[in-house]
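Notes for the one structure printed next.
Coordinate-derived values only; no laboratory data. Treat the numbers as computed from the prediction; the structure is a model and nothing was measured. Cβ: placed from backbone, ideal geometry, glycine included. Neighbour counts: every protein chain shown.
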Amino acid sequence: AEDYQSLLDNAEELRSSEPERFQSLVGELNARVQEATPAQRQQLRYLKAYELGYTGRFDLAAEAAIELMKEVDDPRLRLRAGALIVNSYAIARNFPEGLRYLDQTLLLIDRVPDTELRSHAWFAAASLYTQLGQHELARHYAERVLEASTVPRTRCFAGLQRLEAMLHLGELAGNDAETRALVDLCDSQREVLVANLGRTLLARQWARKGEHGAAIAMLEPRLPEIESTRYPRLVGDAQSVLAELNLALGQHAQAESYAQQAVRQSHDIAFSLPLVNAHRVLYEVALARGDSAAALGHYRRYAEADKAYLDSIKAREQAYLTIKHETAQKNQTIELLNNQNRVLQLEQQVSAKSTQATQLLVALLCVLLASIAYWAVKIKRMQVSFRRLAETDALTGISNRLHFSRQAEQALDYCRRNREDAVLVMFDLDEFKAINDQHGHAMGDWVLQQVSAACGRVGRKHDLFGRLGGEEFAFLMVGADAKAGTQLAQQCRENITAIDTANTGARFRVTASFGVAATSDASYDFQALLARADEAMYRSKREGRDRVTVHGAAMATPGVLPA
Ligand SMILES: Nc1nc2c(ncn2[C@@H]2O[C@H](COP(=O)(O)OP(=O)(O)OP(=O)(O)O)[C@@H](O)[C@H]2O)c(=O)[nH]1
């Protein structure tokens, strides 16, 4: 048994040149379908659809090819199916569907690199446009096939399409070289139908040149072959051309006979050009015979056929324009919808972007505010710590001279305005130089810290306490008189003498001499108050140290409060 694929190839090869052999091959392939691979089954389906078309069942052929096109992925087989659909609809004159599938089929061309397969689609386009009377387009696609295809059979079909399109466009001139070449080519391919359609074209060209006899001699012997094709268009065309040729030669009987055969042949087709020509020949013959009644009858039928033919051309033109218009409208609607979609998408993008931008702005502002707040706090803290640094004595941590003086001046100002008493207590450590000298400067520093801690505990909450410099300290008490100042001085003095130096490894006594000056005794001027306290303090020194002396009245008398 022959290999399944070679059977398929064989069927492909013979599908139009040997229809009967082709049909029997398809039957055999069908019977052995279990042997087929899925791809081979699809190819068989294509051939079966093709066979339906070949046997005149174009609607069934189109249906089968549409099913195949839906189910198949391979673009090459889809293209062949598409071309078959278009061809079938072209012949069945279902132009809207034909154009619809033509669009789909031409779209596949880019995915099919094989130029022969592409030619299938272009060929189908040329066929459809021929049927639609769009001869410019038909010629265009036929020429694309001729540029692309090297297959003789394909070139035979496309060559006929091109020449027929040119005939309709009035461009088929007297030069018959191309037509003759076409007839030879189609003969060599045993394409009887196309070769003879080419011969009727050739006969027309020769008639135009006045070579009527030669045209008859060329075409007449082919008639049995032509009639054996049973293809009405070819048979009617050949008979009507022979009728016209005989009429031109004055052979009326022959002309009439061919014309009558052509009319019978074209009976089913109300609007064909051969029918129009045949009626015209019958009319001319009757006229020449002087049979005016018959002539009138033939003329009426000629006029009707001619009108029907022209109407059919107009109707085709109208149908084509309507379909094109509808397609354009559909495309416009689709385009409009696409544009609306695009606008909507852009709007969404824009609003998303602006939301993003707003969020970004808010985020930026937050960061900005946060950093401003951070720096404000930091700067404030730095200011505070700088001020504290500027105001405090580094060794003891209490107010330094400058800060103490400023605060004391403000406090005294307040007291002056409110007629309140204030008292300044000043003290200086005794023999401090000796402590430094005997125990070292570090021990001196330790003593200063101990003294400041011992006296810091003494004052009231609002009393000012500061280190004036060296081993000299001072208090300012607001709302207090000399007596309160003296009590504070005594308390401070006792705390100093209580400082225990045993832990330092050295044993020595720390004492201080105090001077007290009250505003009741002097003015509210800080410097003056300071000078008087200083004076009293030196008196404490002179009188033996480690004691408190009040300036003023007490100083005139023995104003010394002994320790
Ligand atoms: N360790 C230490 N010594 C200081 C500091 N400031 C001043 N002194 C010392 O304190 C000493 C003060 O000595 P003097 O002014 O002679 O007075 P004094 O020895 O206390 O004698 P009298 O005041 O008369 O009892 C000096 O030797 C200064 O160097 C300080 O911050 N640390």
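Could you work out the equivalent-ellipsoid semi-axes for segment 1-118, taking the square root of 5 times each eigenvalue of the Cα gyration tensor, largest first, in whole Å?
24, 17, 12
State the cysteines of the chain left without a partner when partners are defined as other cysteines whose beta carbon lies under 4.7 Å away.
CYS366, CYS415
Tabulate in residue order the Karplus-calculated ³J(HN,Hα) for segment 389-396, using 6.51 cos²θ - 1.76 cosθ + 1.60 with θ = phi - 60°, rounded to whole Hz; enter x for Gly and Pro.
After applying 6.51 cos²θ - 1.76 cosθ + 1.60, I find 4, 6, 9, 9, 7, 5, 6, 9 Hz.
Mean separation of Cα pairs under 8 Å and 6+ residues apart, divided by the residue count of the chain: what relative contact order is that in percent? If you can, show how the numbers build up before the last one.
Working: 768 pairs, mean separation 35.1, N = 563.
Relative contact order for the chain comes out at 6 percent.
Can you compute the modelled spin-label distance between THR37 and GLN449, with each label point 7 Å from Cα toward Cβ, in nm?
According to this spin-label approximation, the distance is 10.0 nm.
ASP430's amide H: which non-local residues (gap 5+, or another chain) put their own amide H closer than 5 Å, with H modeled 1.01 Å from N in plane and none for Pro or chain starts?
Distant-sequence amide H within range of ASP430: THR511, ALA512, SER513.
Quick one: Karplus J couplings for segment 202-214, per residue in order, coefficients 6.51, -1.76, 1.60, θ = phi - 60°, nearest Hz, x for Gly and Pro?
For segment 202-214, the Karplus curve yields 4, 4, 4, 4, 5, 4, 4, 7, x, 8, 5, x, 4 Hz.
Give the long-range amide H neighbours of THR392: residues separated by 5 or more places, or on another chain, with amide H under 5 Å away, using H modelled in the peptide plane at 1.01 Å from N.
ASN400
Work out the charge dipole of the chain with +1 on the Cβ of Lys and Arg and -1 on the Cβ of Asp and Glu about the Cα centre, then indicate which of ALA408, LEU395, ILE91 is farthest towards its positive end.
About the Cα centre, the residue reaching furthest to the positive side is ALA408.
Quick one: which residues, 5 or more positions from LEU468 or on another chain, have an amide H under 5 Å from its amide H? H modelled 1.01 Å from N in the peptide plane, none for Pro or chain starts.
Sorted by chain and number, the residues that satisfy this are PHE473, ALA474.
Taking K and R as +1 and D and E as -1, what net charge do the other residues with C-beta under 11 Å from the C-beta of ASN436 add up to?
Details: positive: LYS433; negative: GLU431, ASP437, ASP445, GLU471.
Neighbour charge sum, excluding ASN436 itself: -3.
Can you give me the orientation-averaged projected area of the convex hull built on the Cα atoms of the chain, in nm²? Numbers along the way, then the final one.
Working: hull surface 238.0 nm².
One quarter of the hull surface, i.e. the mean projection, equals 59.5 nm².
Treat each spin label as a single point 7 Å out from the Cα along the C-beta direction, and report the GLU335 to GLU178 distance in nm.
That separation, rounded to one decimal, is 3.4 nm.
For segment 263-317, what is the per residue volume of the convex hull drawn over the alpha-carbon atoms, in cubic angstrom?
Values: hull volume 3.3 nm³, N = 55.
Enclosed volume per residue, from the Cα hull, is 61 Å³.
Full extension from GLU28 to ALA303: what is 0.36 nm times the residue separation minus their Cα-Cα distance, to one decimal in nm? Can you show the working numbers first?
Numbers: separation 275, 0.36 × 275 = 99.00 nm, distance 5.12 nm.
Working it through step by step, the gained length comes to 93.9 nm.
Quick one: what Rg and Dmax do you get for segment 148-270 from the alpha carbons, in Å?
Spelled out, the Cα radius of gyration and Dmax of segment 148-270 are 14.2, 47 Å.
Label GLN407 and LEU310 with points 7 Å out from Cα along Cα→Cβ: what is the distance between them in nm?
It is 12.5 nm.
About the Cα centre of the chain, what is the dipole size in debye to 20, counting +1 per Lys and Arg Cβ and -1 per Asp and Glu Cβ, all else neutral?
Values: 66 positive and 71 negative charges, 441 e Å.
For the chain, the charge dipole is close to 2120 debye.
When only alpha-carbon atoms count, how far does segment 401-561 stretch along each of its three principal axes, as whole angstroms with the largest first?
51, 34, 21
In the chain, which longest range has no trypsin sites (Lys or Arg not before Pro) that are both DSSP loop (not H, G, I, E or B) and surrounded by at most 16 other Cβ atoms within 10 Å?
Working: sites that count: ARG32, ARG57, ARG93, ARG190, LYS209, ARG230, ARG419, ARG457, ARG460, LYS461, ARG507, ARG509, ARG545.
The longest such stretch corresponds to 231-418.
Helix 115-131 sits at what angle to the longest principal axis of the chain, using alpha carbons and giving 0 to 90 degrees rounded to 10?
Orientation of helix 115-131: about 60 degrees from the principal axis.
Which pairs, out of LYS70/LYS330; LYS483/LYS541; LYS378/LYS461; LYS433/LYS483; LYS209/LYS314, put more than 28 Å between their alpha-carbon atoms?
Values: LYS70/LYS330 22 Å; LYS483/LYS541 20 Å; LYS378/LYS461 30 Å; LYS433/LYS483 31 Å; LYS209/LYS314 30 Å.
Beyond 28 Å between Cα atoms: LYS378/LYS461; LYS433/LYS483; LYS209/LYS314.
Give the share of C-alpha pairs in each 5 angstrom bin for segment 416-511, from 0 to the last occupied bin, in whole percents, shortest bins first.
P(r) for segment 416-511, in whole percents per bin: 2, 13, 24, 22, 15, 10, 7, 4, 2, 1, 0.
Each residue of segment 176-191 in turn: what ³J(HN,Hα) in whole Hz from Karplus with 6.51, -1.76, 1.60 and θ = phi - 60°, glycine and Pro shown as x?
In residue order, the calculated couplings are 9, 4, 5, 5, 4, 4, 5, 4, 4, 4, 5, 4, 4, 8, 6, 8 Hz.
Please give the charge dipole size of segment 401-561, origin at the Cα centre, charges +1 on K and R Cβ atoms and -1 on D and E Cβ atoms. Round to the nearest 20 debye. Can you show the working numbers first?
Details: 20 positive and 21 negative charges, 41 e Å.
Value, rounded to 20: 200 debye.
Roughly how tilted is helix 232-248, in degrees to the nearest 10 and between 0 and 90, from the longest Cα axis of the chain?
50
Work from the charge dipole of the chain (Cβ charges, +1 for Lys and Arg, -1 for Asp and Glu, about the Cα centre) and give the residue of PHE157, CYS492, VAL145 farthest towards its positive end.
Result: CYS492.
With r defined as the distance between the Cβ atoms of ARG507 and ARG542 and R0 fixed at 30 Å, what FRET efficiency is calculated, to the nearest 0.05? Don't jump to the answer; show the numbers that get you there.
On the way: r = 27 Å, r/R0 = 0.90.
E between ARG507 and ARG542, to the nearest 0.05, is 0.65.
Determine the relative contact order of segment 1-155: mean sequence separation of Cα pairs under 8 Å and six or more apart, normalised by residue count, in whole percent.
Working: 188 pairs, mean separation 22.9, N = 155.
RCO, segment 1-155: 15 percent.
Percent of Cα-Cα pairs per 10 Å bin, from 0 to the last occupied bin, for segment 286-367, please list those.
With 10 Å bins starting at 0, P(r) equals 14, 15, 14, 12, 10, 9, 8, 6, 5, 4, 2, 0.
Projecting each Cα onto the charge dipole of segment 401-561 (Lys/Arg +1, Asp/Glu -1 at the beta carbon, about the Cα centre), which of GLY479, LEU464, ALA536 comes out farthest on the positive side?
It is GLY479, whose Cα lies furthest towards the positive end.
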